[in-house]
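Coordinate-derived values only; no laboratory data. Owing to the predicted nature of the structure, the values given are computational and were not obtained by experimental measurement. Every residue, glycine as well, gets a Cβ built from its backbone with ideal geometry; the counts of neighbours run over all protein chains shown.
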Amino acid sequence: MNDVYIVSAGMTKFRKHNYDEDFRLMVKRAFDYALNDADITHKDMDGSVSAYFSDHIQGQLIAGAMTNDYIGLATKPSKRIEGGGATGGLAFQAGYEEIASGNMETCAVYGFESMSHLNTWKGNDVIALGSDSNFDYPLGGFYTAYYALMATRHMHEFGTTPEQMAMVSVKNHGNAMHNPFAQSPMKITVDDVLKSPMVATPLTMLDISLMSDGAACVILASEERAKSLCKNPVKIRAIGSSSDTMRLSDRPFGKVPLLPNESKDDYKNLKYPGVHSFRAGRIAAKMAYERANINDPLKEIDFAELYDSYTSAEIQAYEDLGFCKYGEGGKFIEKGYSEINNKLPVNPEGGLIASGHAIGATGIMQAVYAFWQLQHSVKKHLKNGKLQVENAKRGVIHSHAGTGAYETVSILER
Amino acid sequence: MKNDVKGTEIYKTDPLIKRWDYSLSYTHSYAQDSEFFKALGRNVLLGSYCKQCNYKYGTYRKYCMYCGSETADIELPLKGKIHTFTTCYYSGEPFMNDVPYTLILVEFEGIDSLFMSRLINKNNTKISIGMGVMAKFKSLQKFDVNDVYFIPEL
């Protein structure tokens, strides 16, 4: 396989609604940002991968092709990738595959979603069609409820508390204060999160990610092309992905797939994954770590963009990705380890909870932020350097669909 | 807008934003899952058994996800325990009139996986993991998964 690099990136500000720009123009803004930032032109592009989640939300089928012509890539090979919340993460990996296989030398990967087409309650409904429509959706189809079922079990299994979950919200909203691309910067307290309206126990309004309008784009290239297009490209060191049952009720009760720094004795009495953990996240991480020769994630990774669709999901992801052992995720946030310039900063720009969640764009937004972190160009793009992770050399991006039906983990290096 | 008025609902003129209604009626076949939904009308909760794997599914599926063999229908116990739960105060649009409601995953003795259902109990309170629950069946079948629900074990 050929080595793959990110040579440029761009995104729009994520907003609750952007009625002035439709999906095509939002993608154009993100793509043009990337072209301008590295002095690349349309002619340098061999092809593209588009990412958007829902034809229902978009009210437009084959929106990827429409976008492709709008941004000036008509006649180039292009395809659309869809995989729920992992749409952006999967599209990023599909772009990687285009370059790694030698099918393309350069590839634009862009994602978008216009969530404001539907009101929040209809949006919840459409998203819930991403659960089994025979057995799960008719019960009161609502993704927050599915994640809440998992969070309740995580609390029971490991003693995780609502206060610890709230700390994730405080951190991510606080980080977003320094990010002009973010939708919901807020200085809040644990108490504010706990007292915000209860949505599905134990998750309150401030435990939940946003619905956004937005677009994001990264430009990928082979080593040779990267050298000619960019002074400081970022290498995609490895990708990992996995899948799991759509229905939570089908998850088995078996054994933990161990990372190199774990032993069987760590989890003697733990039935895994049940519904407390995301098995696909663990397997995707294990695959990516093996390919990148990472043995101790906490020491060998400098920052992570994790899929914090809910505060509970960020805590679960600390464990799935082996930043700490299963059961220690609550303590990980409580000790501040995932804060900026602590042991392993997580979602330094605010994550899905505060930067925003325009589903198809989200996984690519994570790649954009990670690229800027590794280029050490956060100050340039965010107009201040407060969120720059010092000496960042290696970062991880992570996304999931459903309750972990698809998961992706990609490792980026300076 | 009144039904007798024909017109276009405009929210804003700059940019121009209008309302667009679009709806679909699906012909939804339960196909190979049909037996499960029909059995609810006989007050029977079906699960599935894979002979090859000796694995019992708490949620009906016609083929084993481990070996691919066709499964046999089995009757699940009508009593179980709460594996996890959540009470919803908001939801998707079609279910907003139902809130608050409680969803549970039920574990059954001798069955390897779970079943998701609603728990009906007073005020959605005093719910805990491990609590005993029993299945009840709606007398008027609507042929969806809500034809079965659970209540605290008496």
In sequence order, calculated HN-Hα J values of the stretch A:179-194 (Karplus, 6.51, -1.76, 1.60; Hz; x Gly/Pro): 10, x, 7, 7, 7, 9, x, 7, 9, 10, 10, 4, 4, 4, 5, 5
Under 5 Å from the placed amide H of A:Arg237, counting only residues 5+ away or on other chains, we find A:Ile411, A:Leu412, A:Glu413
What is the distance, in nm, between label points placed 7 Å from the Cα along the Cα-to-Cβ direction at A:Asn232 and at A:Glu262? 3.5
Show me, for the stretch B:107-124, the HN-Hα J-couplings you get by feeding each phi into the Karplus relation (A = 6.51, B = -1.76, C = 1.60, θ = phi - 60°), rounded to Hz, glycine and proline as x. 10, 10, 4, x, 10, 7, 10, 9, 9, 8, 7, 8, 10, 9, 8, 4, 6, 6
Tally the DSSP beta bridges in the protein assembly as shown and give the antiparallel ones as a percent, rounded to 5. 85
Tell me the Rg and the Dmax, in Å, that the Cα atoms of the stretch A:261-367 produce. 13.7, 41
Cα gyration tensor of the stretch A:195-264, axes a ≥ b ≥ c as square roots of the eigenvalues: rounded (a/c below 1.5), prolate (a/b > b/c) or oblate? oblate
Distance cut-off 22 Å, Cα to Cα: go down the list A:Lys286/A:Lys335; A:Lys231/A:Lys286; B:Lys56/B:Lys81; A:Lys13/A:Lys171; A:Lys171/A:Lys343; A:Lys43/A:Lys231 and report the pairs above it. A:Lys286/A:Lys335; A:Lys231/A:Lys286
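What is the average number of partner chain Cβ atoms found within 10 Å of a Cβ in B:122-130?
Averaged over the peptide's residues, the number is 1.
Could you state the orientation-averaged shadow area of the convex hull built on the Cα atoms of the stretch A:1-128, in nm² to one decimal?
Details: hull surface 30.9 nm².
Computed as one quarter of the Cα hull surface, the answer is 7.7 nm².
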Would you mind computing Rg(Cα) / (2.2 N^0.38 Å) for the stretch B:31-152, counting N as its residues? 1.10
Across all Cα atoms of chain A, Rg and the largest Cα-Cα distance (Dmax), in Å, are 19.5, 58
So if I place +1 on the C-beta of Lys and Arg and -1 on the C-beta of Asp and Glu, and nothing else carries charge, what would the dipole magnitude of the protein assembly as shown be about its Cα centre? I want it in debye, nearest 20. 520
Nearest 0.05, what FRET efficiency do B:Met134 and A:Glu334 give at R0 = 41 Å with Cβ-Cβ as r? 0.60
Neighbouring Cβ atoms within 10 Å as the yardstick, rank B:Cys88, A:Cys217 fewest first. B:Cys88, A:Cys217
Which one of B:Pro100, B:Pro77, B:Pro15 has the biggest mean-square fluctuation once chain B is modelled by GNM with Cα springs under 10 Å? B:Pro15
Please build a GNM for chain B, connecting alpha carbons under 10 Å apart, and tell me which residue among B:Glu93, B:Glu109, B:Glu75 fluctuates the most. B:Glu93
Taking beta carbons within 10 Å but only from partner chains, what does the mean come to for residues B:98-106? 5
Percent relative contact order of chain B, based on C-alpha pairs within less than 8 angstrom and at least six residues apart? 19
Taking Cα pairs under 8 Å and at least six residues apart, what relative contact order does the stretch A:144-187 come out at, in percent? 22
Can you work out ³J(HN,Hα) from phi for every residue in the stretch A:17-23, in order, using Karplus 6.51 cos²θ - 1.76 cosθ + 1.60 and θ = phi - 60°, giving whole Hz and x for Gly and Pro? 8, 10, 7, 8, 10, 7, 4
Explain nothing, just the number: relative contact order of chain A, from Cα pairs under 8 Å at least 6 residues apart, as a whole percent. 26
Could you run the Debye sum over the Cα atoms of the stretch A:79-206, one equal point scatterer each and no solvent, and tell me log10 of I(q)/I(0) at q = 0.11, 0.12, 0.14 Å⁻¹, two decimals? -0.59, -0.69, -0.90
